[in-house]
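Below: one structure, written as structure tokens.
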Amino acid sequence: MHRCLLLVAALTFTALPGCGAPAPDDAAPTLTERGTFRVEIAVRDGGFRRGVNAFTVRAWDAQGVEASVAEVVAEMPSHDHERSVANITATDEGFAVDDLRLTMPGRWTITLRVAQGARSDVALVSTFIP
């Protein structure tokens with residue numbers, strides 16, 4: 001019995017990533033948290049990276065009516081002091097999000113607040129910056 005437990009423990013340990021290895025990025029959400037809006041996120045330059053980031057967001061309700069991206073904020077859950085607020089500009093393709101600064105390596109949560117009239121909801125993106 002003890003040999004089986006040691007074998008399982010050894011296999012589990014060797015299957016785990018190394019200490020400090022990044023978790024894979026979550027897929028970009030297609031719905032806001034409460035399902036109020038559909039969202040489409042297109043990150044420029046192949047993905048989020050350390051430094052200045054830019055991307056485009058489109059959002060719409062179940063009837064296909066466009067919604068606005070009201071705010072984009074990035075925070076590190078493990079560092080309360082790290083917070084970045086992006087610039088947002090309406091374009092023909094949706095909303096251009098520029099100057100989102102991911103200043104240090106680690107796990108970042110990017111919150112996109114989407115609004116349409118009195119309704120609002122958020123979409124969350126989790127990314128790891130090496």
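The values are calculated or read from the model by the stated rules, or taken from the named source; none is laboratory data. This is a predicted model, so every value here is computed, not measured. Here the Cβ positions follow ideal geometry from the backbone for every residue, glycine too, while neighbour counts run over all protein chains shown. Calculation scope for accessible area: heavy atoms of the full protein, side chains included, ligands and nucleic acids excluded. Shrake-Rupley method; radii C 1.70, N 1.55, O 1.52, S 1.80 Å.
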Report task. Name every residue in region 36-78 that is assigned to a loop (DSSP other than H, G, I, E, B) and open to solvent by 80 Å² or more (accessible area, probe 1.4 Å), in order of residue number. Result -> Arg49, Arg50, Ala62, Gln63, Pro77, Ser78
Requested in this report: Select from region 80-125 the residues that are open to solvent by 70 Å² or more (accessible area, probe 1.4 Å) and among the charged types (D, E, K, R) and write down the one among them that is farthest from the chain's Cα centre (by Cα).
Outcome: Asp92
Query raised in the report: Any chance region 11-21 includes a residue that's in a loop (DSSP other than H, G, I, E, B) and either at pLDDT 95 or above or surrounded by 11 or more Cβ atoms within 10 Å (Cβ to Cβ) (or both)?
Result: no
Report task. Determine whether Glu33 is surrounded by 10 or more Cβ atoms within 10 Å (Cβ to Cβ), at pLDDT 95 or above, part of a strand (DSSP E or B) and under 13 Å from the mean Cα position of the chain (by Cα). Result -> no
**Report entry** Count of residues meeting criterion [of a type in the set (A, V, I, L, M) and farther than 19 Å from Arg50 by Cβ] in region 82-98
**Finding:** 3
Report task. Looking only at region 103-114, decide whether some residue is in a loop (DSSP other than H, G, I, E, B), among the aliphatic types (A, V, I, L, M), within 16 Å of Ile129 (Cα to Cα) and at pLDDT 80 or above. Result -> yes
